[in-house]
1. Go through the stretch B:144-175 and give me each residue that's within 26 Å of B:Leu62 (Cβ to Cβ) and touching a strand residue (DSSP E or B) at 6+ places or on another chain (Cβ under 8 Å).
2. Is it the case that some residue within the stretch B:336-354 is under 32 Å from the mean Cα position of the chain (by Cα) and more than 26 Å from B:Thr477 (Cβ to Cβ)?
3. Is it true that B:Pro342 is modelled with pLDDT under 95, surrounded by fewer than 19 Cβ atoms within 10 Å (Cβ to Cβ) and either in contact with a helix residue (DSSP H, G or I) (Cβ under 8 Å, 6 or more places away or on another chain) or of a type in the set (Lys, Arg) (or both)?
4. Report, by residue number, each residue of the stretch B:1-29 that is closer than 25 Å to B:Ala139 by Cβ, at pLDDT below 95 and of a type outside the set (Lys, Arg).
5. For the condition within 27 Å of B:Phe656 (Cβ to Cβ) and not basic (Lys, Arg), what is the one hit in B:Val551, B:Val512?
6. If a residue counts only when it is away from chain B (no Cβ under 14 Å) and either over 25 Å from A:Val37 (Cα atoms) or under 25 Å from the mean Cα position of the chain (by Cα) (or both), which strands (runs of 3 or more DSSP E) contained entirely in the stretch A:192-269 have at least 1 such residues?
7. Can you pull out every residue in the stretch B:492-506 that is surrounded by 22 or more Cβ atoms within 10 Å (Cβ to Cβ) and either part of a helix (DSSP H, G or I) or within 23 Å of the chain's Cα centre (by Cα) (or both)?
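The values are calculated or read from the model by the stated rules, or taken from the named source; none is laboratory data. Small disclaimer: the values here were computed from a predicted structure and weren't measured. Note that each Cβ is placed from the backbone with ideal geometry, even for glycine, and that neighbours are counted across all protein chains shown.
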Amino acid sequence: MEKREVVLVDAIRTAFGKAGEKGFFWHTRADDMVVRVIRELLRRNPQVKPEMVEENVWGATTQEGDQGLTLGRTSAILAGLPESCAGFSVDRMCAGGMTAVTCAASEIALGACDIAIAGGVEHMGHHPMGATADPNPRFLAERLVSEDALVMGKTAENLHDMFPEITKEMADEFALLSQKKAAKAYEEGKIGRMIVPMTVYTKEGWVVADRDQQPRPDTTLEALRDLRTPFRIQGNVTAGNSSGLNDGACGCLLMSAEMAEKLGVTPKMKLVGFAYAGVKPEVMGLGPIPATHKVFEKTGLSINDMDFIELNEAFAVQALIFMKEFKLKMPDDPRLNPWGGAIAFGHPLASSGPRLMCHLMHEFAESPEAKYGLTTMCVGLGQGGSIIWENLQRKNK
Amino acid sequence: MEKLETQFYTQFYNSPAGKIALLTMDNGADYKKPNTFSEKALKSLNAALDTIEQVKDIKGLLLTGKPYIFAAGADLTAIPFITTYEQGYLVGKMGHDTFKRIMNLPFPTVAAINGLALGGGLEIALYCKYRTISKSVPAIAFPECFLGLVPGWGGCTLTTKLIGPEKTLQLIIYNALNQNRMINGTQAFELGLGDRLFENAEFLDESLQFLIDIINGKTKVKRKEPDFKKANQLIKEALAFVDSKVHGAAIAPYRALELIKGACSWDIDTGFEEENKALGELIKSRQCKASIYAFDLVNRHAKRPQGVPDLKPKEINKVGIIGAGLMASQLAYLFLYRLKVPVVVKDIKQEIIDRAKGYIEQELKKAISKGKIEETKFNYMLSLFKGTLDWKDFEDCDFVIEAVFEDMKVKKQVFKEAEEVISEDCILASNTSSLSITEMGSELKHPERVIGFHFFNPVAVLPLVEIIRSKETNDLTLATAFSVAKKIKKTGLLVKDSPAFLVNRILTKMMVDCLEIVDNGATFQEVDEALLSLGLPIAPFDLLALVGPAVAYHVLETLNRSFGPERFPLNENFKKMIELGKTSVYLPNKKKKTVDPEIEKLWLRKGDYKYRKEEILDIVLENLTKEIDLILKEKVVASSRDVDMAMILGAGWPFFMGGITMYLDLVGITPRVLQKVFFSF
């Protein structure tokens, strides 16, 4: 098998809801959200007939209940894809969807299939983080990881300890910028077109989930300053400078470059390279740094080649450390999350990776001069994942 | 239990085409308790519409239900309390007035039929300008005529105007009177009830997009113009159909025909006014009351059988059937199809067994062609069936049922032979229609495993099984019998071990009276017509031919032996007829009922009295009343409800008679004969 070029043709997501009873997805199943995304991808790309989709890969952190039973296969059946479409599920926690994309891309690159759908979903209302996990007692007994490793907020506090120069004020300022950039992007209609509205059942009648529930466009530094620090007394991490608990699904349509040409679809970006790397679980937010170094090393590109960086804002502190490492402009680099990030939109774990790609795809469309972009994120228990994409929507290719 | 009230919830959505109101019908319970429309529900709708009318800039409205359910129609629990024309009229008017507000909204409206839509639940959708239907809707219907009502909240008028008289008659008349047949979403769309048919996966999303496209002019709806030209002919045909089904004994379907006919030419308001009047007449009618009672019997009473011991039933992994005749073959297929366990059939002649196997093959093929069984399952299913001459094949059976000749000696003999090979706790059931179960088991080592399990012919059509407990039957056997009945999708009814049990005792009582009336001078046809005018599904002498006179005579003999000749005389003419080998009093295949001249010749009349129809009915019904009273006093079944349920499910007697006792009460026969009524709360 000869390596082939893999392109991303489209990406779309549901709105991101708040996890829990107040979220608009409370009575909606995660697999139904996936079905909505799959069908919308095909609706938007009519050249791709359902029978052409050969693989359906979905990431979810909790693979049980409405996210269980091999979601990649069940959602293919539920979406009405023909039985010939194979499917599987993957889990790399927050990078589950990202991993789904790189898995599908790998299959395409190796010629195992031509067209695949890949994405991530997380209904954190139905599946609170770690609710049914059963960690091996050895983790703590043998001090394999620190007790903090399983509580993401504590790992963020650990980062503040490790980098005392990143203060709470900086984190709050970063969070405020994320909210403001997101609000502006919303206002300019940039976000709405990435969201497929979904009619969802509530006890007060059906409603249309077409806007994220998480963003707080009116937030202020003062309000952020006064928030509780739930992970430690006199801590730095608050609900305001972290990403929140959400329900959402996001998926991508991937294919080989040849197939795109054959079908006459316009690919949006090409996968240049990807890498995953591990770090200490108790400072999992460092993950994107080694992963990004690794992907640069493998592709021969550098941070200076990146016109856009879509970094998942699990916590403001983690984003700031990344910016520091790669010498981005503080506190706001125009290349980084120009339309806001997870602090504003929310972070339904496995769906965030594909959301970064969706943002990047639209940013590329608006910046035909841009050539490369990076999507990167940290992962619980100490990992990072990074993918470099090339803009195929350039004026002079 | 708190009563569920359907609420109308309003939500607004700022769509790309402007503000859209989402109107949801929801009673807050799951799909097992569908939305219904009570007076309170209509008030909730009015309040929702008040809100919607006040909001500016609404561009469209989408009406839908809760998951899996659109709406199941009017709340029937109020019907027993409506006793006057005026009250019934108002029920109609209130529905029309409220629903019409939807019709008058000044923007596009879409009813998104996402699930079950029956009666008023279907009617409300007709007030929207457009309708979308989900492919996975299991049931859409106007069951009104089945319940002594008409679709009187616009159903007759609006359906006729939307899809024309032919299809409307199909929905409102033919389907309702064919055991309340329902259609699915695709069929409803094909009838023209919907403008779009969408897959369930994104049904509301696509329905909403459809509305948005209508608002911004991206889509136009084209409908086929209904054809009113053949209306008169169609109504005439439907009238003949209704006559054949209810013989003038029900009012509702005739009233529906008038409304559908009228709707072909009336304007909507005239149609609505006529519907109000029809409801005024019908809701208070005895047929409607009896139908609602019957509906409750079949849907609730029948599903909670009384007297089932609270213990874990025995698991049935193999069924044995003694006998391989037609009844036995029907049973074999039923057990095979429903339980999907090995079924072994034993007879004494190879050719009978071969015939049974042929029958099973043919039924399996039928089921495959109807899509009830997958084609690939044919060989497996057939391999579960075995015909045998050897008792040894019964060794590992868990449930054995006999369907041999109605003779106590024969039945005792086959049970004895079976007992020699079967395990100690294998159940021995008898499909006898009249013989004592206690006696049948009296010579066995383990009589506690013997039980009556009495089906009705045709087995595939009539859902009742009389479960007869002998004096010895133990709780495990009884619990297992009920569990088996449920698994083969029949309704089990506990009946005392008493001659001819319940349904056959009633039918036989009716039959002996009919014979006696003929003896005294009436013609067979006069008697048949008189009883058909009640709305019975089959005339007495046609039923006799169906059951077989010899079998019927056997049952009569059993009753005669137990209860004496006064109530169950052994009719001499009847006996002669059987001795002559006659299978019917009528000649076969005649268009008009013609009595066989040989029957006419042998039948010795005791008199030449000229009966009026009413006299015939009085004799039969008064005697039935007394017999049912005795049945209840003997505790053959627990209540008059059981009697009615059994007549509906075991003899196909009509809903609008409420079985039998409700009819006898309502027309005043019970009070006249017994100075009381059968009904009690």
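1. B:Trp153, B:Leu171
2. No, the stretch B:336-354 contains no residue that is under 32 Å from the mean Cα position of the chain (by Cα) and more than 26 Å from B:Thr477 (Cβ to Cβ).
3. Numbers: modelled with pLDDT under 95: no; surrounded by fewer than 19 Cβ atoms within 10 Å (Cβ to Cβ): yes; either in contact with a helix residue (DSSP H, G or I) (Cβ under 8 Å, 6 or more places away or on another chain) or of a type in the set (Lys, Arg) (or both): yes.
The answer is no for B:Pro342.
4. To start, the set of residues in the stretch B:1-29 that are closer than 25 Å to B:Ala139 by Cβ comprises B:1, B:3-9, B:22-29.
Still in the running and at pLDDT below 95: B:1, B:3-4.
Of everything in the stretch B:1-29, those that are closer than 25 Å to B:Ala139 by Cβ, at pLDDT below 95 and of a type outside the set (Lys, Arg) turn out to be B:Met1, B:Leu4.
5. Details: B:Val551 fails: within 27 Å of B:Phe656 (Cβ to Cβ).
From the options B:Val551, B:Val512, the qualifying one is B:Val512.
6. Details: elements: A:198-200, A:207-209, A:246-256.
The strands (runs of 3 or more DSSP E) meeting that bar are A:246-256.
7. B:Gly492, B:Leu493, B:Val495, B:Phe501, B:Leu502, B:Val503, B:Asn504, B:Arg505, B:Ile506
Let's see how each residue does on (1) facing chain B (nearest Cβ under 10 Å); (2) of a type outside the set (Gly, Ala, Ser); (3) assigned to a helix (DSSP H, G or I):
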site	(1), (2), (3)
A:Glu165	no, yes, no
A:Leu177	no, yes, yes
A:Lys180	no, yes, yes
A:Ala185	no, no, yes
